[in-house]
Amino acid sequence: MIPPAYAPDEARGLWVFLEQEGGQLEGVALELLGKGRELARARGILLTGLLLGHGVEAGARQAIAHGADHVVVAEDPLLAAYTTDAYTNVSARIILERKPETLLLGATPNGRDLAGRLAVRLRTGLTADCTGLAWEEGTGLLLGEVTGFGGGVMASIKCARHRPQMATVRPGIFPLPPSDPDHAGRIESVAVSLEAGEIRTQILERVRHAGVDITRASVIVAGGRGVKGDFGPVTELARLLGGEVGASRVACDLGWIGRDHQIGQTGFVTRPKVALVCGISGATQFSVGVKDAGLIVAINSDPEAPIFEEADVCVVDDLFPVLEALIAELKRRRP
Amino acid sequence: MKPLGIIVCVKVVPKPEEVSVNPETRTLDRAKARSELNPPDMNAIEMALALRERYGGSVSLLSMGPPFAAPYLQVGLAMGADHAYLLSDRLFGGADTLPTSFALARGIQKIGEWDLVLCGEESSDGATGQVPAGIAEWLDCSQATYAMDLALLPDGRLRAEREIRGGHEVIAVSLPAVVSVKLGVNEPRFMDMELRRTAPAVTVWNASDLGVDPASLGFEGSPTVVGAVWQAKSPERRREFLDGTLQEKARLLAERIRALVSF
Ligand SMILES: Cc1cc2nc3c(=O)[nH]c(=O)nc-3n(C[C@H](O)[C@H](O)[C@H](O)COP(=O)(O)OP(=O)(O)OC[C@H]3O[C@@H](n4cnc5c(N)ncnc54)[C@H](O)[C@@H]3O)c2cc1C
Ligand SMILES: Nc1ncnc2c1ncn2[C@@H]1O[C@H](COP(=O)(O)O)[C@@H](O)[C@H]1O
């Protein structure tokens with residue numbers, strides 16, 4: 001056994017890493033606070049947020065309003081934007097001192113960058129990309145539910161003897177908790193000892209698109225290779241239905257639409273009320289991203305397409321005339 | 001500029017669509033599944049070969065897995081890699097990310113001269129992109145995950161364009177570094193039949209070749225354990241096929257949608 005950094009009986013509390021951008025918490029951080037609140041209450045333990053950044057006071061208050069009992073804030077100009085070394089070094093120092101029992105992080109690119117590094121620094125186990133979290137009956141250990149093999153297989157993973165038990169969770173898995181401005185909690189600033197020399201990454205340029213968030217859309221109209229480069233009808237239908245545009249990986253790889261729209265294993269997991277899936281074959285790596293939709297409508301010219309196995313309403317036809325007719329129908333019946 | 005010593009970590013994985021769960025034992029049935037090189041690792045190999053063409057140097061492949069992985073490493077050699085190393089021992093089996101990244105880091109150190117380690121963004125058989133950051137930590141070097149493009153800067157640092165949530169960033173990191181490469185960022189080249197014929201043999205190392213404590217390897221060295229395994233089941237779907245003219249289909253579609261959303 002690789003010896004743990006600290007023993008299970010020294011460990012206390014459920015912690016959530018609060019990823020932020022410009023002082024505002026990321027959606028997945030709020031989702032984790034919502035789930036964390038429920039998990040902490042079930043065992044009568046405290047829910048603590050770990051917030052690193054520069055000028056993040058508002059984010060700390062946001063965390064309290066979304067369910068944190070306590071927020072540990074580490075502020076330093078060197079923490080303003082994420083770099084592996086700065087965030088790992090500061091998080092590890094705080095964690096080794098405070099010894100949380102559990103640490104949850106969002107499975108965003110930077111959340112995973114940090115989690116993978118931190119888990120090895122702390123010599124502990126990490127359950128990556130969870131689609132569900134629960135306490136194991138009897139032991140109180142964290143059970144992380146994960147999918148493997150493109151979504152075909154599920155497993156539950158636990159970490160028995162090492163602490164913190166770490167897990168990353170994908171955005172959009174847990175609902176956004178309501179904000180309660182009256183919820184009370186303690187904000188604690190901790191001293192940061194971080195030197196520029198510790199950081200081996202220099203950020204040269206950073207581009208964030210205004211960006212859609214398909215994880216919260218209640219209607220998604222998705223296009224794949226079958227749209228042949230033309231997202232026009234898909235986009236028009238999405239707009240008519242008050243929804244967002246989704247896409248298969250292939251459509252994104254071909255540059256027809258931005259990565260923010262990608263559904264699936266390496267994209268986003270969505271749970272809309274209605275998903276219209278147009279010109280997408282339905283590979284498991286795609287389908288894991290829509291399997292929890294309320295209603296799945298598939299439009300595909302190939303009657304053998306696997307997507308029809310997983311759809312409620314199936315239309316075997318060329319997607320272009322079908323979308324055109326549907327758009328006309330919706331416009332005609334518009335009040 | 002000095003030539004680059006590049007090591008690419010590649011994993012041989014079962015084809016995801018061919019793996020199933022044995023309902024009685026609730027364990028994975030991999031026996032029937034054919035294997036392949038993990039797709040993003042192919043992009044990492046291509047990236048390494050392109051960097052070697054641009055800056056000179058060498059490309060070594062490193063994998064941890066059962067002996068049957070060796071022929072898949074031959075594929076990478078036939079694409080143009082210079083050497084291939086396979087870490088293979090029963091003691092490595094059942095490893096989660098902590099001992100996997102540890103063994104790979106020790107393998108990298110044993111290979112010796114290196115500036116850059118490239119990995120795929122994630123392995124398709126369950127783990128999810130945590131090994132590259134783990135390797136970087138064991139080696140105490142800089143890291144750039146989810147990279148789309150790499151180049152050397154005049155000052156010798158590595159310039160990496162990488163994905164962030166809702167965008168991208170360009171960073172400069174000092175070498176040595178560990179980088180994970182995004183799936184699909186390039187077109188992996190085909191095997192060269194001449195290289196296939198002349199490629200060197202795969203070097204195989206076991207746990208004692210790495211000189212590490214067996215307790216930090218494989219199942220024994222893994223903090224996490226799998227509690228249960230089951231086949232993913234999507235909610236039952238109605239599979240109602242719509243018939244009729246386009247207009248009739250459109251009308252039915254509109255009805256089904258309106259039942260759930262107002263707009
Ligand atoms: C590690 C890994 C991760 C992956 N992650 C993802 C992921 O996150 N998301 C994802 O989507 N994929 C992912 N993939 C890729 C996935 O396996 C499939 O290749 C991909 O989903 C296929 O996209 P597609 O359905 O658009 O294209 P195709 O499979 O080519 O299907 C196109 C479909 O369009 C239909 N069609 C064509 N023309 C028309 C028309 N005029 N009208 C109606 N139908 C038409 C065809 O019948 C066909 O079914 C991943 C793969 C790997 C290896
Ligand atoms: N057993 C292994 N042998 C070689 N490389 C590996 C192994 N496991 C993971 N990797 C590398 O780490 C990347 C991410 O894998 P993972 O963290 O398992 O999702 C893969 O794309 C490989 O480049």
Least to most buried among A:ASP260, B:ASP140 (fewest other Cβ within 10 Å first): B:ASP140, A:ASP260
Peptide B:214-225 - average C-beta neighbours from other chains (10 Å radius): 5
Selection of chymotrypsin sites (Phe, Trp or Tyr not before Pro), segment B:146-253, meeting DSSP coil and at most 12 other Cβ within 10 Å: B:PHE190
Within chain A, longest stretch clear of exposed GluC sites (Glu not before Pro) (DSSP loop, no more than 13 other Cβ within 10 Å): A:1-135
Global geometry of segment A:8-198, whether rounded, prolate or oblate, following the gyration tensor of its Cα atoms and the 1.5 cut on a/c: rounded
In range of the label at B:ASN206: residues from segment B:59-100 whose backbone nitrogen is under 17 Å from the point 7 Å along Cα→Cβ: B:64-70, B:86-94
Cα centroid separation - segment A:62-122 against segment A:269-331, whole Å: 39
For chain B, the longest site-free run once GluC sites (Glu not before Pro) in DSSP loop states with at most 16 other Cβ atoms within 10 Å are removed: B:114-219
Partner chain coverage, peptide B:117-128 - average Cβ within 10 angstrom: 4
Exposure proxy order (Cβ contacts within 10 Å, fewest to most) of A:TRP135, B:TRP138: A:TRP135, B:TRP138
Beta bridges by DSSP in the protein assembly as shown, antiparallel share as percent, to the nearest 5: 35
Kirkwood Rh, angstrom, segment B:4-216 [1 / mean 1/r, Cα pairs]: 17.5
Distance between segment A:135-204 and segment B:129-195 - C-alpha centres, whole angstrom: 25
Förster-model FRET efficiency, 41 Å R0, B:ALA215 and B:GLU113, C-beta, rounded to 0.05: 0.90
Trypsin sites (Lys or Arg not before Pro) within segment B:158-194, DSSP loop, no more than 16 other Cβ atoms inside 10 Å: B:ARG189
GNM top mover of B:PRO16, B:PRO39, B:PRO176 - chain B, alpha-carbon springs below 10 Å: B:PRO16
Global form of the protein assembly as shown, assessed from the alpha-carbon gyration tensor, a/c cut-off 1.5: oblate
P(r), alpha carbons of segment A:214-333 - 5 Å bins starting at zero, rounded %: 2, 14, 25, 28, 21, 8, 2, 0
Euclidean distance of C-alpha centroids, segment A:223-251 and segment B:217-239, integer Å: 32
Under the span-like rule (Cα at least 15 Å along the axis, Kyte-Doolittle mean at least -0.5), DSSP H helices of chain B: B:39-55, B:97-111
Chymotrypsin sites (Phe, Trp or Tyr not before Pro) within segment B:28-72: DSSP coil, no more than 15 neighbouring Cβ in 10 Å: none
Within straight-line cross-link reach of B:LYS32, lysines at Cα separation under 20 Å, skipping those fewer than 8 residues along the same chain: B:LYS11, B:LYS15
Angle in degrees between helix A:84-98 and the longest Cα principal axis of chain A, rounded to the nearest 10: 50
Highest-fluctuation residue, B:ARG237, B:ARG196, B:ARG106 considered, GNM on chain B with Cα pairs under 10 Å: B:ARG237
Cβ-Cβ FRET estimate between A:ASP180 and B:PHE263, R0 fixed at 25 Å, reported to 0.05: 0.25
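Every read-out reported here was derived from the displayed coordinates using simple, explicitly stated rules and does not represent laboratory data. Keep in mind that this is a model prediction, so the values were computed, not measured. Positions of Cβ are generated from backbone atoms using ideal geometry, with glycine treated the same way; all protein chains shown enter the neighbour counts.
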